[in-house]
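The values are calculated or read from the model by the stated rules, or taken from the named source; none is laboratory data. All values derive from a computational prediction rather than experimental measurement. Here the Cβ positions follow ideal geometry from the backbone for every residue, glycine too, while neighbour counts run over all protein chains shown. These area figures cover heavy atoms from the full protein model, side chains too; ligands, DNA and RNA do not enter into them. Shrake-Rupley method; radii C 1.70, N 1.55, O 1.52, S 1.80 Å.
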Amino acid sequence: MRGGRARRTPNQALRLLLAEAGWSGARLAREVNALGAAQGTALHYDRTAVAHWLAGSRPRRPVPSLVAEALSRRLGRPVREQDTGLGPTGGAADGLGAPAGERGAVESLDEVLRTTGRRRVALAGAYSLAALAIPYGSLAAPYGPPAIRRGPPESKGNSQAPQASPAPAALPAPPFPEGRVGMAHVASAHELLALFSRGDAVLGAGPVYEPLRQYLAATVLPWLRREMKPAVRRELLTVASRLTYLCAFTHFDMNRHAAAQRLYLTSIDLAREAGDRIGCGLALRGLSVQAHALRHFAEAQHLAEQAAETALRHAPPHQQAFFHGQLAVALAGRGDARHARHLAAADRCLERSASGDTPVGAFHAGSLALQGAAVAASGGDRHAAVRALDLSLRHRPADERRSRALSLAELAETQLAIGHLEQACRTWHTFLDVYPSVDSARADDRMRLLIAKARPHSGNPVVAALLGRVREVQRRRPTSRRSGT
């Protein structure tokens, strides 16, 4: 076209999908805006924007993945970005990439670390219900590394290392000399896992999630590409899976749900290649917790059941309680009476446990009581939820500050719901004692909810004093943390 822009090609693929869904352009715009809001991205599209997409324009990320997810949920089948005509062309992968079985766990980790950085959040795409189907078909397959191996087979086991991919040129030098990776590297990774886990529990995910992602990218990923004995590779893949699980949880705590989901799925990839059923179960359980928090109750139940089926027989007692407890919460979320059986099983497992203090999958009496509160709340028994939350706080270690803050906020909200206004205010004051030392988007959400729930009662002097303290806490809060990002 002379003297102007090239003519755009109308997006027939999107038009056909809209017709199949029975949606207007305005309806698609509303669904995309709602999905964006759910993941913390404010969008204001309308039917005019959709008309431009149908005419051939392409919106910026993460919009193509949000369109694909909205249509996936409407049609009940996976719709990829490229299926909408808005995603990459030429066979490029969409926001989720190829299934792990096609690219290997190390390549999966490489991809997810490159697309979930703080400055590249849009590349993570949208939280996807369709993506939750990825691991299921392969869970029944034998655990362990893929069939492609380097070197001749050894006589013991079937855990040869997969063929290594070339290391990216831009990665920083690892802290150990070049050459074979050994158990010293694995021990170092375990030490960092404990350190990051402790920091997350005490401080919230804010100071942890990006340094943890960088450690995986700059140190663990290059190690996984180097030469090592098969037994060392299994151990390194196992600890890499745990670190990736923790990285996923920290992103979940910061409301970065698309990134968290992709990291959980990658943790499954790594655990399967290591032959680690517990690690696979932990990540499935993490996906269940996330789905339940986002109110996808059917998916949360299925994931919790998959986690228990995969890992329960292989886990120590405190982690058995960890799996039973989440399954109880997920079942209660759907009104399934079997929740009582699993909550009782979690209690019995915890009684048999010598210690529940592990960097990933830690569980103690305070954790169990919190899950009892969630079960009671799902059943509408707020008084039982208050008792369980109070019990959880009594058993919760003082230095688990993020969990204490969230539990205190939940307790105050429940007390207010049953009409105990002044008691709720006292609990909220205790929340405000803890909140300034915690950097967590979930805690920030609770602070906003405090204001929203207390403001209608601002004529009460007790509430007015509480809101005055809230303003003072917000004034003193560092500017970088006021947005909850």
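Brief remarks follow.
- The percentage of C-alpha pairs in the stretch 272-408 whose separation is greater than 24 Å is 23%.
- In Hz, Karplus ³J(HN,Hα) per residue of the stretch 245-252 (6.51, -1.76, 1.60; θ = phi - 60°; x = Gly, Pro): 4, 5, 4, 4, 5, 5, 5, 4
- Kirkwood-Stokes translational diffusion coefficient of the stretch 344-428, alpha-carbon pairs, 20 °C, 1.002 mPa s, µm²/s: 160 µm²/s
- Across the stretch 320-334, coupling constants 3J(HN,Hα) worked out from phi with the 6.51/-1.76/1.60 Karplus curve, θ = phi - 60°, read 4, 4, 4, 6, 4, x, 5, 5, 4, 4, 5, 5, 5, x, 10 Hz, and Gly and Pro carry x.
- Heavy-atom accessible surface of the stretch 327-485: percent carbon and sulfur, 1.4 Å: 51 percent
- Listed peptides 429-435, 241-247, 406-412 by packing density, highest first (mean Cβ within 10 Å): 241-247, 406-412, 429-435
- Radius ratio Rg over Rh of the stretch 402-450, counting only Cα atoms, Kirkwood formula for Rh: 0.95
- In order along the stretch 48-53, phi translates into HN-Hα couplings of 5, 4, 5, 4, 5, 5 Hz, rounded to whole numbers, per the Karplus curve 6.51 cos²θ - 1.76 cosθ + 1.60 with θ = phi - 60° and x for Gly and Pro.
- For the stretch 420-483, the solvent-accessible area works out to 53 Å² per residue, with a probe of 1.4 Å and every protein chain left in place.
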